[in-house]
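As C-alpha cells, the structure follows; a few thoughts come after it.
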Amino acid sequence: MFVKNAWYVGAWSDEIGDSGMLARTLLGEPVLFYRTADGTLAALQDRCCHRGLPLSHGRVQGDCVTCGYHGLTFNRTGACVNVPGQERIPPAAKVPSYLVRESDGMVWIWMGDASQADDALIVSHSFAGNAEWTFLKDRYLVNANYQLITDNLMDLTHVGYVHNRTIGGTPQAHSEAESKTSVTSNGVRVERWMMDSVPPPSYCAVHKFHTPRIDRWMEIDFFAPSIVRIHTGAMDTNTGAREGQRNDALLFWGFNAQTPETETTTHYFWSGARSHVPGRSIGEQRLDSLRITFAEDKEIVEAQQASLDLQPEPLVMIASDAGMMGARRRVAMMLKAEAVSWIQPVVPSKLDEVKA
Amino acid sequence: MFVKNAWYVGAWSDEIGDSGMLARTLLGEPVLFYRTADGTLAALQDRCCHRGLPLSHGRVQGDCVTCGYHGLTFNRTGACVNVPGQERIPPAAKVPSYLVRESDGMVWIWMGDASQADDALIVSHSFAGNAEWTFLKDRYLVNANYQLITDNLMDLTHVGYVHNRTIGGTPQAHSEAESKTSVTSNGVRVERWMMDSVPPPSYCAVHKFHTPRIDRWMEIDFFAPSIVRIHTGAMDTNTGAREGQRNDALLFWGFNAQTPETETTTHYFWSGARSHVPGRSIGEQRLDSLRITFAEDKEIVEAQQASLDLQPEPLVMIASDAGMMGARRRVAMMLKAEAVSWIQPVVPSKLDEVKA
Amino acid sequence: MFVKNAWYVGAWSDEIGDSGMLARTLLGEPVLFYRTADGTLAALQDRCCHRGLPLSHGRVQGDCVTCGYHGLTFNRTGACVNVPGQERIPPAAKVPSYLVRESDGMVWIWMGDASQADDALIVSHSFAGNAEWTFLKDRYLVNANYQLITDNLMDLTHVGYVHNRTIGGTPQAHSEAESKTSVTSNGVRVERWMMDSVPPPSYCAVHKFHTPRIDRWMEIDFFAPSIVRIHTGAMDTNTGAREGQRNDALLFWGFNAQTPETETTTHYFWSGARSHVPGRSIGEQRLDSLRITFAEDKEIVEAQQASLDLQPEPLVMIASDAGMMGARRRVAMMLKAEAVSWIQPVVPSKLDEVKA
C-alpha cells in the first residue's frame, strides 16, 4: 500500500533521451515515460488497453505512442486516437496518464488524484549541476521496502557501524552526538551535532583540517513519503561552526529519493554534492567512494528485509529511533487520509483528527 | 484449467529415439514418453506410485519401465508387473497411462477420458517430409498461457507491427485486408485477402515476382483447443489468385501446436513449409528466418503475459479480434462441456444447450 | 512443522573457527553460531531485536556480539548488555539463545525447551578422528524435506538401483536380503544380511576378498528425529560373519544427520569411516567415491520432492518400507507430544497414550 497523492522521483532526466522511452515499474504500476515532439515529458500506464502488451514494445510517433502489437495509438493524455482498420474508436479505449515534472535534473511523477497535485510540494535540490560543487548520482535497485531506506537515513548512528571503513569515524562520536527531532510541515527534521570529534579517514582524504579534532553537523530533512535531504558539514573545532560560520568548511549535500517499485523493491535515487576544496584540481574532487557507501546501506537494508520477511515481530525501540518513528508516523497518516478520502473529502483541519 | 478430452502435440517424433525416454510436463502433469521393444510409443504419468520418484530416473526394459529408486516395474498400460523382493503386487500399484499416436512427424497425446478419443480428430499436416517443399520446425518453451499464442495467430494484423523487420510489409496492407471469420465443425476459420499490396522484403528475398505489387492470401484454421494451421500465398497481382490460379505462386504452410505445460507456460511446436522456388538450389531454399519471426511472437506474448499477471482487466475489443474471440469461445465451450460431463453424459445434441 | 525438543547437528565443529561466526538457518529459524573468548560455542537467533538485521552482519567482541547496524550488544544468553547512546536498556531488548554442545567433531543444537534437554540423547559416533580408520565428511544442501533423506537411508534396497554404478552390486542381492525391523528406545533399527552375494565393484577396489562371493551385513539405526547411523561390513563368504567373526572384514560406518533448513530444504551432514585395509598406504585409503554416492542420493530425493510438490498423493506401500514407516511414525509421535505439551506437561507414562 503506497501513498498515491505525492510527487515521487521516477527517473533522472538524462535517463530519457530525445524521442526515447523509459519503462519502469513505480508503486506497483507499469509506467512508460517518453518525450513528445517538443521534448516535454509524458507518462502513460505501460499497458495497451487492447490486449495488455506494454506500450514500451511499440514506438513514439510525434506526441503519441503506437502499440507494437496491433498498432493502436495513444496521445499524451492516454486517449486512443487510432485503431488500424476501423473508423470508430471504442469509447473505453484509453490508458491512464500521469502528471510529470522535471526539476533539478530529476523527473517527478504524481500517480494519484491529479486534482490534488501541487507543484510547490516538489522538493528542491538546487545543487545538481552547480559548477562550484562536485556532483555524483546513481540509482540502485534495492531489494527492500522503501521505508527501510528512509529508516536508515533518519538514524545516522548507523554511520559508525555500517560505514566504519568509509565515512564512519568512531561509533561513539555518532551515538553521543547531540540530537534534536522536530515535526515540520511536510515531514520530520533531525539535527545532530558532533562537537570536537575525531575526523573519519574519508574526510581527511578530501579536506585539509588544521586541528586534530573537528566539529561536525548533520541536518536531515524528511519530506513525506519518500524524500530525505541531508546537509552535513565539518570544520576545524572551535572555529565558529555552531554560530553559523562556514568558511573553509567541508560541506556535503545528499539527496535521497526512495521510490517504491513494489512492496519489497525500491528504486533508490541517491546523489551527493560536495563543495570544491580550494587549491585542488577538478580531477581531485571525485566522489566515487559514495558508490561504496550507498552499497553498504543497500546490503544492510536488503539483509534486514529478508530477516523481517521471515519474522516481522517483535522489534524493540531505542532512543535514536525518534526520527525514523516520526517519518513512519507521517507516512501512516498520509495513508490513512487517502483511505478516508474514498468516503469523504479530506480538508486540512480534519487531518489532525485522522492522525488522532 | 485445460481441456482434457483432446489430442495435443506432446513432442516431435524424432525427439524420442529408439528405446529412449522423454520426460515432459503437459497440461500440468508429468508425462514420460518411451518406445517399447517394437518401437511403438507409450506414455505414462512420470511418477512412480511407490514413493513418487519420476519414472524418467529409471530405465526402459523391453515394453516396461523400471523405477530408478526401488525397482518397481510398470508396463505400457501403467500396471505394476514387479515389486523386487515380494511376490504379491499391491492392487493399488499402478500409474496412469495415456493414449499416444504418431502422425506427420508429431507425437499426439490424449490425456482425458480414453473412451472419448477419436483418431479422426488428429489434425493432418501432410507437408512434413515432402521433398518438394522446404521444411523447418522447432519447439519454443514460451512463458505465457497457450491461448495468448492462439490469439496471436488468429489476428494477423499483428504482422505489420510485430514482424515489420521480417515478414511484415506495410501495416496498412494488413489492417485493410478483406477478412472473413466463420465457425467450423472443430473450430474457427479466418480468410484474409491483401490484393495489390507491396511485397515484404522477406518475400522478395525468396521469390521472383514480375509485378511491383502482389496479391496475398491467408487461410487460418483453428482446431480447438490448441492447433492453428495457416496456409498463405502470394502471386503477381492480377494473375488470377482470387480465381484459384496458383502457378508460380509463393506458398507457405504453417502448423502451430501450442500445448500447455502449465497455466503460464507453453510448449510451442511450430513448423513452416514453403514450396520450392523453381530455378534455385536446395541450399537456397532455407527458412532460417522463421526462427526470428517466431521469436518475435514469443517476445510479445511473454511481455503480454507478464502485463496481464499484473493487471488482467480491463481489456477493450476491436474489429480484428473476431477470429481470436471465436477461438476462445470454442475453448470455453469445451471446458464447460467437460465440467458438465462430471454430472451427466454429454451427447452432441446437448452441446448447443451447454453453449447457450 | 519440526520436532523442537531434540538435538540436531547444526555444523561440523571445524566450520566455526576461533572468534569466527557461522550463520545458518535451522528448522526455519536463523541461527548465529560463534565462539566466545575462551573458545566455547554460543548460539543466538540471528536477528537483532532492534531492527531485525541479522547479527551475523556485526562482529564478535569477547563473549558478546555487536550488531552491525546501530551497535546493540548481546551476550551469549541473548541479553542486551549495551545500547549505544543511552544508559537504560529496554527490558524487551534480548534475542533467543540456544543450547549447544560439541561432540565427535559435530556441533549439536537444541532449539526447543531448554529444560527438557538431556546430553545423554546426543548420538555418539566415536570414529571421527580415529587414526586407524579413513574418514570423510561433508555437508550437502539438499532441496528436499529432511524425512525424504531418512526414508532413503532406512530402505537400502535402493542401493541396487540408485547406486548401481558405485556401491550397488546386483539389485537382487539387496531385495532378497534377510531383513528385520525393530523399535528401539529412541527410534528404529533395521538389520540386513546379504549372504553369499556378488561383491560390488567399489568393494573390490578397496578390499582383497579371497572368495568370489561374500557375506554382507547392514545395521541401520535411526535416532529420532534426524539421525541415521549405519554400520556395514563384508567378508569372505562362509568365514563366520554371522557368528560375529570380523577379522579381515571390510568395515564401513556411516553417520547421517539430516537437519531441516526449511520444510523443503535440508542440511545433509554425512560422513563415512572405513577400516584401514592392511598392506595399503594411507594414500590408498581414500573414500572420495562417497561424494558421488551421496550426490546420487541427493539427485533422487530432490526429484522426489519436486514430484511430490506437484502431486503428494496417492502413494503405495511395499514390504521394504517397514523401516521408513517406523521412523516416520516415531517422528509423528514426537510432534504430537510437543503439540500436546502446549496444553499439559508430558510425562513419560503419557507418551504411550499420545501414541495411541
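In percent, how large is the relative contact order of chain C, given Cα pairs closer than 8 Å and 6 or more residues apart? Present the calculation step by step, with values, prior to reporting the outcome.
On the way: 676 pairs, mean separation 60.7, N = 356.
Worked out over chain C, it gives 17 percent.
Summing Lys, Arg as +1 and Asp, Glu as -1, what charge do residues with Cβ under 13 Å from the Cβ of residue A:113 carry, residue A:113 excluded? Mind showing how you got there, number by number?
On the way: positive: A:4; negative: A:118, A:338.
After counting each charged neighbour, the total is -1.
Between the chain alone and the structure with every protein chain in place, find the residues of the range C:119-163 that drop at least 30 Å² of accessible area; heavy atoms, 1.4 Å probe.
C:161
Not counting ligands, DNA or RNA, and with a 1.4 Å probe, what is residue A:209's accessible surface area in Å² rounded to the nearest 10?
20 Å²
Using heavy-atom solvent-accessible surface (probe 1.4 Å) with all chains present, what is the largest-first order of C:63, C:138, B:151?
Details: C:63 75, C:138 50, B:151 5 Å².
Correct descending sequence by accessible area is C:63, C:138, B:151.
Using amide H atoms built 1.01 Å from N in the peptide plane, name the residues 5+ places from residue B:48, or on other chains, whose amide H lies under 5 Å from its own.
Result for residue B:48 returns B:53, B:55.
In peptide A:82-88, how many Cβ atoms from other protein chains are near each Cβ within 10 Å, on average? Let's see the in-between values first.
Details: counts 0, 5, 11, 11, 4, 1, 2.
The shielding value for this peptide is 5.
Count, for each residue of B:170-180, the Cβ atoms from other chains sitting within 10 Å of its Cβ, then give me the mean as a whole number.
Working: counts 0, 5, 3, 0, 4, 6, 2, 1, 0, 1, 0.
The shielding value for this peptide is 2.
How much net charge surrounds residue C:30 when only the other residues with a Cβ under 12 Å from the Cβ of residue C:30 are counted, with Lys and Arg +1 and Asp and Glu -1? Before the final figure, lay out the partial values.
Values: positive: C:24, C:47; negative: A:309, C:29, C:46, C:261.
With Lys, Arg at +1 and Asp, Glu at -1, the net is -2.
Roughly speaking, to the nearest percent, how much of the range A:102-225's 1.4 Å accessible area is carbon and sulfur?
Working: 2570 of 5180 Å².
Looking at the range A:102-225 in its full context, I get 50 percent from C and S.
For chain A, what is the percent of antiparallel DSSP beta bridges, rounded to the nearest 5? Write down the numbers at each step before the final one.
Values: 84 of 84 bridges.
Around 100 percent antiparallel, to the nearest 5.
Would the range B:48-97 count as rounded, prolate or oblate if I go by the C-alpha gyration tensor, calling it rounded below 1.5 in a/c and otherwise prolate when a/b exceeds b/c, oblate otherwise?
Values: a/c = 1.29, a/b = 1.20, b/c = 1.08.
Since a/c stays below 1.5, the shape of the range B:48-97 is classed as rounded.
Quote the accessible area belonging to residue B:137 in square angstrom, nearest 10, computed with a 1.4 Å probe and with ligands, DNA and RNA left uncounted.
60 Å²
Where does chain A land at 222 nm, in deg cm²/dmol rounded to the nearest 500, when only DSSP H runs of n ≥ 4 count, each adding -39500 (n - 2.57), divided by all residues?
It lands at -6000 deg cm²/dmol.
Which are the unpartnered cysteines of the protein assembly as shown, meaning those with no other cysteine Cβ under 4.7 Å from their Cβ?
Singleton cysteines: A:49, A:64, A:80, A:204, B:49, B:64, B:80, B:204, C:49, C:64, C:80, C:204.
Could you work out which residue, out of C:73, C:184, C:262, moves most in a Gaussian network model of chain C, that is, has the largest mean-square fluctuation with Cα springs under 10 Å?
C:184
Around residue C:123, with a cut-off of 11 angstrom between Cβ atoms, what is the net charge of the other residues, counting Lys and Arg +1 and Asp and Glu -1?
Its environment carries a net charge of -1.
Can you give me the span-like helices of chain C, meaning DSSP H runs with 20 Å or more of Cα extent along the axis and Kyte-Doolittle mean at or above -1.0?
Details: long enough: C:289-310 (33 Å, -0.11); C:322-340 (27 Å, 0.37).
TM-like helix candidates: C:289-310, C:322-340.
Leaving out ligands, DNA and RNA but keeping every protein chain, what accessible area does residue C:123 have, in Å² rounded to the nearest 10, with a 1.4 Å probe?
For residue C:123, solvent-accessible area is about 10 Å².
Each residue of the range B:252-265 in turn: what ³J(HN,Hα) in whole Hz from Karplus with 6.51, -1.76, 1.60 and θ = phi - 60°, glycine and Pro shown as x?
Karplus values, whole Hz, x for Gly and Pro: 9, 10, x, 9, 10, 10, 9, 9, x, 8, 9, 5, 10, 9.
Output wanted: per-residue J couplings in Hz (rounded whole) for the range A:73-81, from phi through Karplus 6.51 cos²θ - 1.76 cosθ + 1.60, θ = phi - 60°, x for Gly and Pro.
These are the phi-based 3J(HN,Hα) values: 10, 10, 8, 5, 8, x, 6, 7, 10 Hz.
List, in order, the whole-Hz ³J(HN,Hα) value for each residue of the range C:36-50 obtained from phi through the Karplus relation with A = 6.51, B = -1.76, C = 1.60 and θ = phi - 60°; use x for Gly and Pro.
Coupling constants for the range C:36-50: 7, 3, 8, x, 6, 7, 9, 9, 10, 5, 8, 7, 5, 6, 7 Hz.
Which log10 I(q)/I(0) values, to two decimals, does the range C:1-127 give at q = 0.13, 0.15 Å⁻¹ under the Debye formula with one point per Cα?
Log10 I(q)/I(0), no solvent term: -0.52, -0.68.
Per residue of B:45-57, count partner chain C-beta atoms within 10 Å of its C-beta, then hand back the mean as an integer. Write down the numbers at each step before the final one.
Numbers: counts 1, 2, 6, 4, 3, 6, 16, 14, 11, 6, 1, 1, 7.
Per-residue shielding by partner chains comes out at 6.
Suppose R0 equals 22 Å. What FRET efficiency, 1/(1 + (r/R0)^6) with r the Cβ-Cβ distance, do residue A:101 and residue B:315 give to the nearest 0.05?
On the way: r = 31 Å, r/R0 = 1.42.
That pair, residue A:101 with residue B:315, gives E of 0.10.
Can you give me the long-range amide H partners of residue A:82? Hydrogens built in the peptide plane at 1.01 Å from N, cutoff under 5 Å, separation of 5 or more residues or another chain.
Correct list: A:73.
Over the range B:99-146, with the other protein chains present, what is the accessible area per residue in square angstrom, probe 1.4 angstrom? Mind dumping the intermediate values first?
Numbers: 2230 Å² over 48 residues.
With the other protein chains kept in place, the range B:99-146 gives 46 Å² per residue.
Rounded to the nearest 100 Å², what's the accessible area chains A and C bury against each other, both chains counted, probe 1.4 Å?
On the way: alone 17380 and 17400 Å², together 32630 Å².
That pair hides around 2100 Å² of surface in total.
The values are calculated or read from the model by the stated rules, or taken from the named source; none is laboratory data. If you're wondering where the values come from, they're calculated on a predicted model, not measured in any experiment. All Cβ positions, glycine included, derive from the backbone under ideal geometry; neighbour counts span all protein chains shown. Just so you know, the surface numbers come from the protein's heavy atoms only, side chains and all, with ligands and any DNA or RNA stripped out. Shrake-Rupley method; radii C 1.70, N 1.55, O 1.52, S 1.80 Å.
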